[in-house]
Amino acid sequence: MSAIELATKTGSPFNDLNAYNQSLKTGYRLLPFKFIRLDDKRMVLTNEVGEFLVIEQDYLRAIVNKSIEAGSQLYNNLKSKHFLIDDDSSIALELLAMKSRTKMQQISNFTGLHIFVVSLRCDHSCPYCQVSRQSEDKLAFDMSNDTAIKCLEFTFRSPSPSIKIEFQGGEPLLNFDLIKFIVIEAEKKNEVHNKDLEFVIATNLALLTDEILSFCLEHRIYLSTSLDGPEDLHVANRPRPGADSYQRVIQGINRARAILGPDKVSALMTTTAASLTRAKNIVDEYLLQGFNSIFLRPLSPYGFAVKTKWYQSYDIQNWLKFYFEGLDYIINLNKQGYFFVEQYAAIILNKMFSPQGTGYVDLQSPAGLGISAILFNYNAEVYASDEARMLAEMGDKTFCLGNINQHTYEQIMLSEALLNPIEQSIVESVPGCNDCGFQPYCGSDPIYHHATQKDSIGHKALSGFCKKNMAIMRRLICLMEDDPQAKQILLNWAKP
């Protein structure tokens, strides 16, 4: 709820003459803010740029009615965090404007991430896969050289000074010749455009060879892989012929680190029903393999994850129980001297404390569809995001922006399939988001809501996306308020 809405309901300066007269005497003016309940006794106030303050709920009415004593601790806290201004702090408006510009600056530098789906073929048969993969022998599901060239021409039209090209599948290493072709052609183009150019291959590492590693070393290519936990869990989640997916990924991680360097290999996990009771085991596996962070992420409602009904195998409350068990365990590890980060919490914390905006598509306003990331499918179709492509593989092409062989850069970037969801994802105007106290830290995710509610805006009271983020944000703020040691740990995670 916003302060103005509460004011209208509580005899505030806006509709009560006595309160209005009192406001003239106070000599200060409230700036726009929102609030939300933290727990039974406390509220969180947030302003337009994400500054927050936790107060006892009894103080909220006094704040809105402007009956706070000047010079009190609460008054000074509100003033220092730009919730109010007085005759001595008029510069606060200029500071707020500057902070707003800084947080929104990245929008003018779109699009940074360009995803090339070089093949849908895959050697794994993961039942939770969010992509409708194809068997290894179906070459018709590979991207062609001609399509790749047109995708590169589109990529270098981006105004962003930094370009990341990410290769996805299926298993992209099954079409490694095309990856080499794209990398070499991109580097040639960059001699003219002079972008900060980076390459990533999202791979299961099962097909990694010395030739591939040598090329990655020469061209400074990063590798991103999947590691779902200990061997029995990983093999169950990610089956392949020979039941050796765990051995192959661990061998691949170690070989890649030895040749490319320890910072060139990252891993992601996906939570299945079998993972829910094993948060500590999964974190321990990441520690055992030498990682200093983990991204605890739920299943997404796309692709085989829906067709095989794995997505329906647990609800968001089950996942939150798993997540908080993992988060608490990670914080305790840090208290014992082991630096280890939960990456989703770190993304939210950076939104809370960093002057910059986030590059994480799901927590942007407007959503990062197309303007933060864009995807070129193997068949030349262009999608607003990776999730949009996954949805299309299920037969829903709502977020298909066009075809790289048939449409120009302008036609794709100005298509209604892109502009409509962007407009509908500006949280400052989205019903259920516009008055939420966590709004400065959140996003809207139109593709998730379209997939789960058949509406890009969605009913936020029924949204798993909202339930997840609100619960995590509450927990993070409670930890920082109630546990000084945890607060220092979390603030360290927020450092860029």
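For the subset of segment 392-449 comprising residues that are open to solvent by 40 Å² or more (accessible area, probe 1.4 Å), in a loop (DSSP other than H, G, I, E, B) and hydrophobic (A, V, I, L, M, F, W, C), which member is nearest to A373 (Cα to Cα)?
So the residue we want is L414.
Which condition number does R389 fail, the rest of (1) closer than 23 Å to T147 by Cβ; (2) open to solvent by 10 Å² or more (accessible area, probe 1.4 Å); (3) outside any loop (DSSP other than H, G, I, E, B) being met?
For R389, the failing item is (2).
Quick one: which of N76, N65 is modelled with pLDDT of 80 or more, in contact with a Pro (Cβ under 8 Å, 6 or more places away or on another chain) and over 22 Å from K351 (Cα atoms)? Please lay out each step first, then the result.
Numbers: N76 fails: in contact with a Pro (Cβ under 8 Å, 6 or more places away or on another chain).
Result: N65 is the single residue among N76, N65 that is modelled with pLDDT of 80 or more, in contact with a Pro (Cβ under 8 Å, 6 or more places away or on another chain) and over 22 Å from K351 (Cα atoms).
I want to confirm something. Restricting to segment 292-301 and keeping residues that are surrounded by 15 or more Cβ atoms within 10 Å (Cβ to Cβ) and free of Cβ contacts under 8 Å to residues at least 60 places away in the same chain, which single residue is nearest to P262 (Cα to Cα)? It would help to see each step written out before you state the result.
Let us first name the residues in segment 292-301 that are surrounded by 15 or more Cβ atoms within 10 Å (Cβ to Cβ), namely 293-296, 298-301.
Next, only the ones that are free of Cβ contacts under 8 Å to residues at least 60 places away in the same chain stay: 293-296.
Numbers: S293: 13, I294: 15, F295: 18, L296: 21 Å.
Among those residues, the one meeting the criterion is S293.
Testing L491 on (1) touching a residue at least 40 places away in the same chain (Cβ under 8 Å); (2) in a loop (DSSP other than H, G, I, E, B); (3) farther than 20 Å from D362 by Cβ, one condition comes back false. Which one is that?
Of the numbered conditions (1) touching a residue at least 40 places away in the same chain (Cβ under 8 Å); (2) in a loop (DSSP other than H, G, I, E, B); (3) farther than 20 Å from D362 by Cβ, the odd one out for L491 is (2).
Within segment 36-54, restricting attention to residues that are open to solvent by 10 Å² or more (accessible area, probe 1.4 Å) and part of a strand (DSSP E or B), which residue is nearest to E94 (Cα to Cα)?
F52
Residue-by-condition table, conditions (1) open to solvent by 10 Å² or more (accessible area, probe 1.4 Å); (2) over 26 Å from the mean Cα position of the chain (by Cα); (3) outside the structural domain of K164 (by TED's automatic domain parsing):
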residue	(1), (2), (3)
I201	no, no, no
L205	no, no, no
L208	yes, yes, no
S214	yes, yes, no
R220	yes, no, no
V235	yes, yes, no
V249	no, no, no
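Identify, from the list G326, G370, G359, the residue that is under 21 Å from F465 (Cα atoms), of a type in the set (G, A, S) and either in contact with a Gly (Cβ under 6 Å, 6 or more places away or on another chain) or open to solvent by 20 Å² or more (accessible area, probe 1.4 Å) (or both).
On the way: G326 fails: either in contact with a Gly (Cβ under 6 Å, 6 or more places away or on another chain) or open to solvent by 20 Å² or more (accessible area, probe 1.4 Å) (or both); G370 fails: either in contact with a Gly (Cβ under 6 Å, 6 or more places away or on another chain) or open to solvent by 20 Å² or more (accessible area, probe 1.4 Å) (or both).
Only one candidate passes the filter, namely G359.
Give the residue, chosen from C151, C126, that is open to solvent by less than 30 Å² (accessible area, probe 1.4 Å), closer than 27 Å to C216 by Cβ and assigned to a loop (DSSP other than H, G, I, E, B).
Step by step, each of C151, C126 is checked, and only C126 is open to solvent by less than 30 Å² (accessible area, probe 1.4 Å), closer than 27 Å to C216 by Cβ and assigned to a loop (DSSP other than H, G, I, E, B).
The values are calculated or read from the model by the stated rules, or taken from the named source; none is laboratory data. Note that the coordinates shown come from a computational prediction; the quantities given were computed from them, not determined experimentally. Because the Cβ atoms are built from the backbone with ideal geometry, glycine has one as well, and the counts that use them run over all protein chains shown. Heads up: the accessible areas ignore ligands, DNA and RNA and are worked out on the full protein's heavy atoms, side chains in. Shrake-Rupley method; radii C 1.70, N 1.55, O 1.52, S 1.80 Å.
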